[in-house]
Structure formats: structure tokens, C-alpha cells
Amino acid sequence: MERIASGGKSARGGKKTPVALLGYSLETMEAAKHHNIPFVAVVPEGFDVALKEDGVDVVTWDFYVHNQNSDRLYEKLVERGVSHAVPLYEETVEWAGSLNTRLLKDPRAFQRALLFRDKAMMKRNAQMNGIRVGVFEEIRSREEALAFFDDINEARLRLQEEAPEPVHLKPLSAAGSVGHVFVRSRQDITSLPDDAFPCLAESHLAGQEFSVEAFIHKGKIEFMNITEYVHLGYSQIVPETPKLSKQRPKIRKAIEKLMKAFGIVNGMIHPEYFLDQEGELHFGEVAARVPGGHIFELIQRAHGFNPYAALLLCSDPNTSKTVLDRFFPKEKDHKIFAANLMVYPRKASVHQLQFPKELEAHPYMDRHTMFEPVTAKVAERVGFGNHYGTVFLAGEDPETLRELVQRYEEYDFYE
Amino acid sequence: MSDTPKCTPRAESQGPTARQEEAFLQALEALEQATPIVKPKYQPEVVRRATDLFESEEGLKIVREQAHRFDSVGLFHAGPWEHPDRLLPALVGGGLRAEGQYPSIEMLSELRVLSIAAGESSHSKFSSEQALTFLRTVMGLNLELLYGGETEESRLRPKVYARARRLLALIEQEVSSEGLLEQVLDDIDARVAQRPIDVSLTLKMIEQAKNIQDDSDPKLAARLDRYLKATGPPTPLAKKAGSPTNYRNFLANATNHEIENEAKVVGKLLTLTGLSSEYHVAFLQHVLRKDETGILAIALDLTEVGQAHMEQYREKVFELMRLTIHPATSWIIYGFQQMLERMLLARPEVSDGLTKLVNLDLCPTAQQVTKKHLPRGSGISANAAIVGGAIAILGQPLGVGQGNNPTCQGARALSLWSLHDPGYLLQLLASAARDDTVEFLFEGSPILSGEIGGGVADGKFDLKLDPVSRILVPHLDRIYDEKMKRAALRGEDPHKWVNPALYGRWVPNSLTSINLTNQTVSGYEDFLRLFYATHHPLYDGGYDLVYPNPVGLLITNVHGVFLGYHAVSIQRIAEDEEGKVRVYFFNPNNEGRQNWGKGVEPSVVGHWEIPGESSLPFEHFAAHIYAFHYNQMEVGDPKAVPAEIIDEVTAHAKEGWGQAFTWL
């Protein structure tokens, strides 16, 4: 691969200033090395030893402690001449915001980061900017959750004997689907643990769900990927299949609106939307970090560029247009579709892996990450985490891919 | 095998596909290209692809052919398998049976060692000779993967086991099992020399040693033969009988001369190995039926003292033997012999204590843990099994072990009481087995084990233990933990109060330890001088040790690197065959053979150890001790210890565990 020089030049001349990478991500460090982007790795204690041995400039930091010493991180990074910070995990987003407020002299960077971290504030901001969202409320207690559930069902004119309209409860600040509860009845709410509150309650949005990974530089979308969710939390296809693809212009407009609403100039955002039967877009939520679910791997496979490098290049205000033009392929140029399937055991107790021979031999089969199960007893699912492994597939025909992931979602990979 | 067409496919899966091979090579290539920091990103894919290939012998060979590259491409970079010179053969078996990606990594690591052994790759700190030794040891420790049959676990996870077996077979093919039998026999010898109560592992090794082909040395065959006779048919007559039941029938028709001959053989085998078999049980049952005291003494190979003791308490001996000598518990015969040699039945508290156990109303817990470990349908009562266990521990005070539990305290206590207060031990056992509780005093206030939780093991026990430990240790663990809590925060090591309160009056009240606060060491010289002045016969002013002393050791690995703290009991200090002063100690961790690096290797046999004891030259022991009890009134002259000795021991300590501490 071609190596691209980037990164801000320091005032004194040729030497490039390093970027701070918040969180331990080998992929990002690899991309930085590959593109000669100097960096300082800011990682929790314990992750530093091996990195130091390999000659990486490391600062250890506990992202969960906020106190009067938090300023020390800024000072440590300034000592190293860091130009800006890039968050790699949900928990580091507000740290990056706070650091960039001062490093980039962007007074709103921190507040913006807080918007990304608080799902209720995020939705309120989107709504005030004319973006269509579901009905939502910040809920402090179980009683308020029950009231929300009743209100929604009353508004929908649901009769007693009908299945109630479902709602969602989510923690106010957690990554993606962690802690997400799909509520189908009042009973679901009464059986929740006390520490589930406070949280965000939302009405249910039906339709095709997808996410967008938009790489943005100087307020312009440099590359827009769409990840089509075949089954939320289980399987997805990159990029979107033809039916959703027809909506690209509409989606691009929606992203531009979102960028404006959130004041995003450089970097990458990962919003989620629902497309309803009438072709209307509903905004779910947006994150400003590396998306979960191996989406970056799928982007690399389908589009042929390294999204970690893209994130670094777009996060740096000083990256030149030439560099970006040379880096990103055309959105429409991709030849293949990439998909993945997250595998969860389907029994209460599993002993060994039983990977289907016919899938292994399928020409669309790329690889999988499953080993013998680590414990015989299968834990209950939390969010969409705890999957036992992932199957990666890729091929030219999106419908074959969809058919494959749907078929093997039902398959028992463990016996 | 039948010659009819096979209707079920063989367990061996089909050979690897070209695609699988290609994918493995590509993954290895990608790993090679990666810079060191990102190696961990590319390692899992290599491991994953190798796992596919491990499914068949041909696939395993494909991976084997690349093994010389594993270290250079960074397959183990920044992980626990990185340095081959730090690998421990004892961990391989567990690794191969582990879960997730670990069995595969373990296999890749062994293949790497194979390539070093074969001279295909080299390593600055791990010679091909060392690699060979490592692999031989791995084979010796994993005989059941080489020759063993199926187990419950292997039936449940056939793939993992098939892969591991394939690997062991490959190692055997490349390294050859030449020398393996000798190594295994040496290992059995060393185990047997320690006379553990729980001999299940020894029996397993003997069973598997049978399968090792080695005709090179008739002496080896003879050594193995002795063990096979001790644990199987002991005589030509028994062999001819073919089963213990038939053997009994044969004995019924045998002449007196023949009977005496059989008795001599089983008796000698018992004394030589500490092991016994169901044939031995059959023989004893025959003798018991005939009431033949003289033959019984020969069959137990009793000394004159033991025989006199048996004859004096003939009724009791016969009663206990009829109750406890049973095919399901044949291993207790050695304990029986030893108990008679200790003349313990002469002590009314022991004799009555055992009788009490015979008729004890067992609590459900004791019933359950005892029965669970008896073969189903064996027809022996839980009471009889517990009495048998008690006899074993009375006969073999140094044969008790902590098993896979963090309960060295309990094992040390049982050993000490068996030696010095067997009546008390039986009383505690009766209480635990009947009431499911034992009562201890701590500084005047009672603690009932049945009413408290906690414990170092937190109630989780691996019950692969002797029958007495199985019942008592969970109680002792909670009592110990509770006492430690009550003595905490006194500014001194709580063991000062807890040890005498737990073990009893045999432990002196004063305790001294090295000051190890905040990873620093201070006052080491005074500590050492006091140890010499209380324990070394030249400097202790004639106050020699009488009772076991529970002490704390700082343990190091084979490279002398500090590992952690461990508790042992000093049993005695004495001169060895060369006139060197040695510390003889009881290590409750079931395996006295250790290597603590820098030439410190506790021995279990050959330096006049009593079976079950470990020993070290005094100065080596001194260089590892950090806490011991002593009697203030019985201290020699600390200043009399020559400075050279102190300097030498200090230097040794500093180079070993001392590296992990700052010396003030």
C-alpha cells in the first residue's frame, strides 16, 4: 500500500507533531505507523508494558476517574507536543473533547463531546435541529418507566387484548447496545434491577435499520459508508444492498443536517437510522468513535481502504485535500459486499465447536474467529456483547450474502 | 476390527483442504509482515487457522513444517509462551485440555520446541538438548494422552482430546520414547518414596508405564515388574487365578507352605512400595477368616515390635481389619501396617476413638463426601471408609496433602496431630463427621466452624483428598480464616497468635519474621542469627526441636525468581549421611520434589529422609525462611554464629527472592 504523509507540521518546521490516540487499539496504531503519523498512545494501566517494550510512546491514564488531577493528561500531552486527540472508545469521547477544546482551540469541542455521551441531550439537540426522532424521555424511576410505557400505548390506541406497543430503555451514556432493554410488557419493567434507572426511554421505531460511517474533513463528507443491518446485533452487510442504496442522496442530506446540528467539522461519525415504509428517515443515535460489530473490518474488505487510517487523516485539520483524494476510493467503485454474522450459542451448555463443512467450503466464506467454548455454561446476553465469535463473509452478490447470514443465524455452531 | 463394511465414519476427520493450508500460510505471512506492536492483532488468525489443520495428522504435519518460523514471525510475541526457556512442562497437560484458543496455542508452542529440538531453529537461551529434555518430560507427564483411554471429560470434548493425542503421538514419533520408561520409573520411585496416602496418581502412572515399549534394559523391566506386582497379581498363583475372587478360591485350597509363601511376597511388596492391590485384600480376607495371626504378621511384613503389638491387641486388630480391608479401599493396607508399627492401639484414646467412629451417626455432609468417592456398588459403608481413612492418616502422618486446595494450614495441622495427639485428631474427626461442626477457642472465646462462613478456599474444595481431609479440612479452613480475621490489625503477623491457637500447645508462642513491609527487607541479619540460635544444633544451646514448627518460606522458581509465600513445617534438624546438618520438613503440597533455583532443590529420598519428609541443607533452608516460632526461654547465643555463614546465606537470599525486594 502507498504510504501517505500527513499530520500537522509544527511551527518550527519539518517535524510532524504527534496525535494522541485515546484507548488501546492495535488497529489504529498500525494504521498510524503505516501512514507515518506519529502518535502517543494513551492507554489504561497494564496495556503500557508491551507497548513500551516495542518502542511506542505511551501515557497511562484511567479514563474512569474524573477529578482535579484530570488536567495532568493535557499537560502530559502538551509536553509531548501533541496536536490533537482522537477517541477510539465510547469512554474516551469526552476526554478527547476536553483535550481538543484546548489543543485545537475549539471552545465547543468539549460540549459537543458531552452531546455524544448523553443520549437524551443528543436526541434533544437533533430534534431542535429539525431531525425526526422517536418519542423519548429521561426516566428516573421504575414508576416513570411504567408511566411512559402506558402513555405510548394509550397514544397508539392499543386495546387491552392487543399486544402492547414495545418501547426501549437505554442507559444514558453507554456504548451502542450495552444495557439496552427491549420492553414488551409492564412485567418487563417491573422485573428490571434497581440500577437500571435512571435511563432513557424511547418509542419503538420500525423499519430497516442501518448505520452510516461518515468520514468528514473540513465540514465535507469525504466518504460515506452505509452498513445495512440484516438483524440488529447479529448480522450486517457493507455497503448497503441496492434497495437501500436508492436512498443514498436522501441519507447524504440527512448526514449533512446532522453534521450541522452537531457542529462536526473533522473526524468520523457513526449514526444509526431507521427507514420506514414511507421512505422517511428516523434518527436513532450517533457516536463519534470507532463503531462496534467489526464494521471497520467490513469497510476495509468491501471498499479496500483502511478506515482506521481514514479516521486519523480526517481527524487532523491539517491533512491536505490531495492526500484525502488519493486515499479514498469512489463510493460506487466497490466490487464486493462484505458481511458478518455474530454467533451466540443457542443452548444452555456447550462443549465443542461444530463449524458447518458446507459453510467452510462456500466461496463467500472468508474466515471466522471461533474456538472451543471457554465455559460450558452459556451466560445470558448483555447488550449485544458476549458473542462467541464472528463469521466473516464476502462476495459479489448481496442477495447470496443476505441469504447466507440469515440461514446461519439459525444454525447451532456449538454442541 | 471387523471386516464388514463400516457404517460409522472414523473419528479421524478428512484430511486438510488446500484452502485450509493456504489460509494458514497466509495468516503466518501476515503475522510476519506486522510490526512488533501489532503482532497480537495477527496472532489469533494463525492460531485459528492452525486449529483447522490440527483436525488431522496431515494437517498437523503441515503446521509442524512451519514451526521453525513461529518464534521469528512473533507468534508468541508479548504472550505467556514467548520465552521457550521459561516454559514449564507441568503446565502443558493443562494447557492442552484448556478452553478457547489455549489448547491450540499450547500445541503451537510444543511444535516450536520440536523444531528447536530438531535443530531446525535455534534459541539463545534454549538449546536443542534442553528442548529434547522438555519434550521427554512432557511425554512422561502426559502418558494418558499417549496411551490412555477415554475419560468422562474426553468423551464430552472429543475434538480437543483428539488434537492433543495427535500432538503427543507426533512428539513420540520424533523424539522417540527411548529413555521414557526410565524417566517414568524414576518419577514413580520418587512418588512412592514419599509414601502419600492418596496414591491415585501413582497407580495411574504405573498403569500407563505398562504401555511404554522399551526392551533396551532388563533392569527397567524388573523395576516396572515390582510395581505391577504390588498393584496387581503379586505371585504366579495370583496371576494364574486371574482375578482377586479366583485368587481367594485358590488360597482356600492352598497348602500351608504355599500360603506362607504368598504372605511373604505381598508383605515385602507392601514394605518396598507402600502400595497394595485387591489381591492383597483377598489374601488378608482369607487370613482373617482363618484367624491366622502369624500369617497376618507376615502378610503385613510387621517388625517384631509391630507383631508384638498386633498380638497384644489381637481382637481389636481383627475387628478393625474385617471392617476396613475392602477391595474399594485396598490402599489403606500400608497405613494399617504403619499404625501397628507406631503401636497406637496401645493408647486408649486411639483405640476408643476408632471404635467411636465405627458406630458414629454420620451427618449428611460426611455421608455424602465419603460415599461420592467410593466406587458405586462397592458395598463398603461410609463409616468403614472413614475408619479406614483415619487408620491411614494415623499410620502416615506425613502422607497427608492439601490436594488442589489453598489449605496448607489444614494439612499441616492434621499431620501434626496425627504425630503428637492422635486422640485429639480422632475427636475432631468424630465431631466434624457427626455434628458437621468443630469447636475451637480463640483467646477464650469459642468459634464453631458450622456457624461461620469464609475460609481461604471460600468453601470451594477439590475433594481429591484422603477421607479424613475431605471431612475435616473445610472446617479447619474456616476456623483458621476466622482466627486470622480476629488477630488482624495488631501490627504484627497474626500467625503469632493464630498458629498456637490452631495447632495447639506444641507451637511456641514467640514468632519472628523478616520485616517485608512495602517490598523492603530490614533486620535480616538479626533474623538469621535467631534462626540459627534456635534451630541449628551447633548454636541452639542444646535446645533441639521436639515438635514440628510451622514456618513460612519464600518460594522461588527454577530461575530463582520470587514466586510467593508458602507454609511448611520443620519436622527435625539432623545430620545426613555425609554429616551435613539438614532441615527435614513436611511440605503439605503433595510434592516434596521442588526446584527453587540457584542449586536449592529439596530432596525427598537419599539423605536419610523419613518417607514424606523433604530436606535441604541447613543454609539453603535458612536462605528461604521468613517466619518461624521459637521459645524465648530456649535460645542459644545468636552472636556465636560466624559472620561468614550469615554473609553467605544473606548473599544467597539477595540473589534469589531478594531481587524482588529493596534491601534497607
Report summary line: Ignoring ligands and nucleic acids, chains B and A bury, in total, an accessible area (1.4 Å probe) to the nearest 100 Å² of about 2200
Query raised in the report: So how far, in whole Å, is the C-alpha centre of region B:474-490 from the one of region B:43-57?
Result: 48
Requested in this report: Please go through region A:47-128 and write out the chymotrypsin sites (Phe, Trp or Tyr not before Pro) that DSSP classes as loop and that have at most 12 other C-beta atoms within 10 Å.
Outcome: A:64
Requested in this report: List, largest first, the extents of the alpha carbons of region B:75-219 along their principal axes, each in whole Å.
Outcome: 42, 37, 27
Query raised in the report: Can you flag which of B:268/B:316; A:220/A:335; A:119/A:335; B:219/B:264; A:33/A:220 are past 29 Å Cα-Cα?
Result: A:119/A:335
Requested in this report: Any chance you could look up the accessible area of residue A:366 with a 1.4 Å probe, heavy atoms only, rounded to 10 Å²?
Outcome: 50
Query - Cross-link partners of residue A:330 among aspartates and glutamates (Cα-Cα below 14 Å; sequence separation of 8 or more within a chain) - result: A:222
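How large, in percent, is the carbon and sulfur part of the accessible surface of region B:18-176 at a probe radius of 1.4 Å?
52
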Query raised in the report: For region A:9-116, what does the alpha-carbon gyration tensor say about shape, rounded, prolate or oblate, given a ≥ b ≥ c as the root eigenvalues, a/c under 1.5 as rounded, and a/b over b/c as prolate?
Result: oblate
Report task. Using Cα centres only, tell me the gap between region B:175-203 and region A:310-353 in whole Å. Result -> 56
Requested in this report: Kindly tabulate the residues in region A:40-64 with an accessible-area decrease of at least 40 Å² between the chain alone and the assembly of all protein chains, using a probe of 1.4 Å.
Outcome: A:54
Query raised in the report: Across region B:347-506, how many lysine pairs separated by 8 or more positions, or lying on different chains, have Cα atoms within less than 23 Å?
Result: 10
Report task. Translational diffusion coefficient, Stokes-Einstein: compute it for the protein assembly as shown using the Kirkwood radius over C-alpha pairs as Rh, at 25 °C and 0.890 mPa s, and state it as an integer in µm² s⁻¹. Result -> 71
Query raised in the report: Within region B:567-631, which GluC sites (Glu not before Pro) sit in a loop by DSSP and count at most 15 neighbouring Cβ atoms inside 10 Å?
Result: B:577, B:578
Query - All lysines inside 16 Å of residue A:218 as judged from Cα atoms, apart from same-chain residues fewer than 8 positions distant - result: A:105, A:257, A:260, A:321
Query - Euclidean distance of C-alpha centroids, region A:236-271 and region B:634-664, integer Å - result: 72
Requested in this report: Return the tail of the calculated pair distribution for region A:208-409, meaning the percent of Cα-Cα pairs more than 24 Å apart.
Outcome: 44
Query raised in the report: So what is the relative contact order for chain A, in percent, with contacts set as C-alpha pairs under 8 Å and at least six apart?
Result: 14
Query raised in the report: Out of every Cα-Cα pair in chain B, what percent are more than 32 Å apart?
Result: 59
Query raised in the report: Mean separation of Cα pairs under 8 Å and 6+ residues apart, divided by the residue count of chain B: what relative contact order is that in percent?
Result: 8
Report task. Write down the Kirkwood hydrodynamic radius of chain A, to one decimal in angstroms, obtained as one divided by the mean of 1/r over all alpha carbon pairs. Result -> 23.0
Report task. State the percentage of accessible surface on chain A attributable to carbon and sulfur atoms; use a 1.4 Å probe and exclude ligands, DNA and RNA. Result -> 52
Query raised in the report: Using the Cα gyration tensor of region A:291-339, with a ≥ b ≥ c the square roots of its eigenvalues, what is the shape: rounded (a/c below 1.5), prolate (a/b larger than b/c) or oblate (neither)?
Result: oblate
**Report entry** Of A:347/B:210; A:170/A:332; B:39/B:159, pairs whose Cα-Cα distance is over 30 Å
**Finding:** A:347/B:210; A:170/A:332
Query - Of the GluC sites (Glu not before Pro) in region A:273-355, those whose Cβ has at most 13 other Cβ within 10 Å and which sit in DSSP loop - result: A:278, A:280
Query - Å² of accessible area per residue within region B:18-176, as computed with a 1.4 Å probe and no ligands counted - result: 41
Report task. Excluding residues on the same chain fewer than 8 positions from residue B:580, give the lysines whose Cα lies under 26 Å from its Cα. Result -> B:598, B:639, B:654
Report task. Provide the packing ranking of B:372-378, B:292-298, B:457-463, B:44-50, i.e. peptides ordered by the mean count of other C-beta atoms within 10 Å per residue, highest first. Result -> B:44-50, B:292-298, B:457-463, B:372-378
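The values are calculated or read from the model by the stated rules, or taken from the named source; none is laboratory data. Fair warning: this is a prediction, and the values are worked out from it, not measured in the lab. Heads up, the Cβs are rebuilt from the backbone with ideal geometry, glycines too, and the neighbour counts pull from every protein chain shown. Accessible surface is based on the protein model in full, side chains and every heavy atom, while ligands, DNA and RNA are left aside. Shrake-Rupley method; radii C 1.70, N 1.55, O 1.52, S 1.80 Å.
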